Each structure stands twice: as structure tokens, then as C-alpha cells.
1. Spot the failing condition for residue 52; the list is (1) loosely packed, with under 15 Cβ neighbours inside 10 Å; (2) under 30 Å from residue 10 (Cα atoms), and only one is missed.
2. Kindly evaluate residue 94 against the criterion of being free of Cβ contacts under 8 Å to residues at least 24 places away in the same chain, within 24 Å of residue 28 (Cα to Cα) and not in a helix (DSSP H, G or I).
3. Before we move on, is residue 111 in contact with a helix residue (DSSP H, G or I) (Cβ under 7 Å, 6 or more places away or on another chain) and at pLDDT 95 or above?
4. Would you pick out the residues in the range 84-99 that are exposed (fewer than 11 other Cβ atoms within 10 Å of the Cβ) and either at pLDDT below 95 or over 20 Å from residue 47 (Cα atoms) (or both)?
5. Failed condition for residue 102, given (1) at pLDDT below 95; (2) assigned to a helix (DSSP H, G or I); (3) surrounded by 13 or more Cβ atoms within 10 Å (Cβ to Cβ), with all others met?
6. Considering every residue within the range 31-44, establish whether at least one is touching a helix residue (DSSP H, G or I) at 6+ places or on another chain (Cβ under 7 Å) and in contact (Cβ under 8 Å) with a residue 60 or more places away in the chain.
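The values are calculated or read from the model by the stated rules, or taken from the named source; none is laboratory data. Being a predicted model, the structure only gives us computed values, none of them experimental. Neighbour counts are summed over all protein chains in view; Cβ atoms, including those assigned to glycine, are modelled from backbone coordinates with ideal geometry.
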């Protein structure tokens with residue numbers, strides 16, 4: 001397993017703030033009525049994929065978790081499932097396809113982090 005790259009304290013704070021802001025934005029956009037979202041005309045599943053892929057990558061950079069990746073993947077997928085349940089209570093609908101797109105996004109985020117770690121290790125930074 002590769003070690004984490006040490007980050008300056010200010011960069012750690014910025015990355016964590018960025019994760020919280022991204023999580024807040026995704027949650028807010030997911031719970032607004034569809035017609036009120038600024039991205040209402042974009043293909044929905046692509047948005048889910050990009051949002052959750054970005055969120056997984058952001059989580060890994062922000063917290064440099066040492067636990068097995070499956071825990072953070074399951075945590076995000078569980079949160080995604082919770083959002084889908086809440087959507088059914090706020091005038092939107094629960095969608096298994098949205099959940100699938102979120103899961104694929106999280107998985108691609110995981111593969112992206114693996115690729116980044118391999119490149120970093122090969123370059124000798126870690």
C-alpha cells in the first residue's frame with residue numbers, strides 16, 4: 001500500500017473545506033425540485049456520475065483515509081441512498097438508476113485514485 005503524500009496544513013484545510021462544499025452542493029441540488037436546479041436540461045445520469053466520482057476523489061484527497069477504500073465507497077453510496085429516499089419525500093422520486101449512476105461514479109473515482117497513487121509511486125513521490 002502506498003503512503004499518503006504529506007500536505008501542508010493549509011492545503012489540508014482547503015481540501016477538507018472543498019469536500020464539505022462539494023457535499024453540500026450535491027445534497028442541495030439533489031433535494032431541490034428538478035425545475036429549480038440550474039442543470040435541469042443536462043442528462044441526469046451523467047450529472048450523478050460526475051458528482052459522485054468527484055465527491056469520492058475529493059474525500060480521498062481531503063482526508064487521505066487509511067482505512068480500506070471499500071469503507072469510504074460504502075459510506076458515500078449509503079449517503080447517496082439516503083438522498084434518494086429523502087427525494088421521495090420532497091416531491092422528487094426515488095430512482096435505482098440514479099443510485100446506479102452514483103455507484104459507477106464512486107467506482108470510477110476509486111479507480112482514478114488508484115491510478116494517481118500508481119503514478120505518484122512510479123515517479124518516486126511516495
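1. (1)
2. Working: free of Cβ contacts under 8 Å to residues at least 24 places away in the same chain: yes; within 24 Å of residue 28 (Cα to Cα): yes; not in a helix (DSSP H, G or I): yes.
Here the answer is yes, as residue 94 does meet what is asked.
3. Working: in contact with a helix residue (DSSP H, G or I) (Cβ under 7 Å, 6 or more places away or on another chain): no; at pLDDT 95 or above: yes.
Here the answer is no, as residue 111 does not meet what is asked.
4. Applying the first criterion (exposed (fewer than 11 other Cβ atoms within 10 Å of the Cβ)) to the range 84-99 yields 85, 89-91, 93, 96-97.
Matches in the range 84-99: 89, 90, 91, 93, 96, 97.
5. It is condition (1) that residue 102 fails.
6. For the range 31-44, residues touching a helix residue (DSSP H, G or I) at 6+ places or on another chain (Cβ under 7 Å) and in contact (Cβ under 8 Å) with a residue 60 or more places away in the chain: present.
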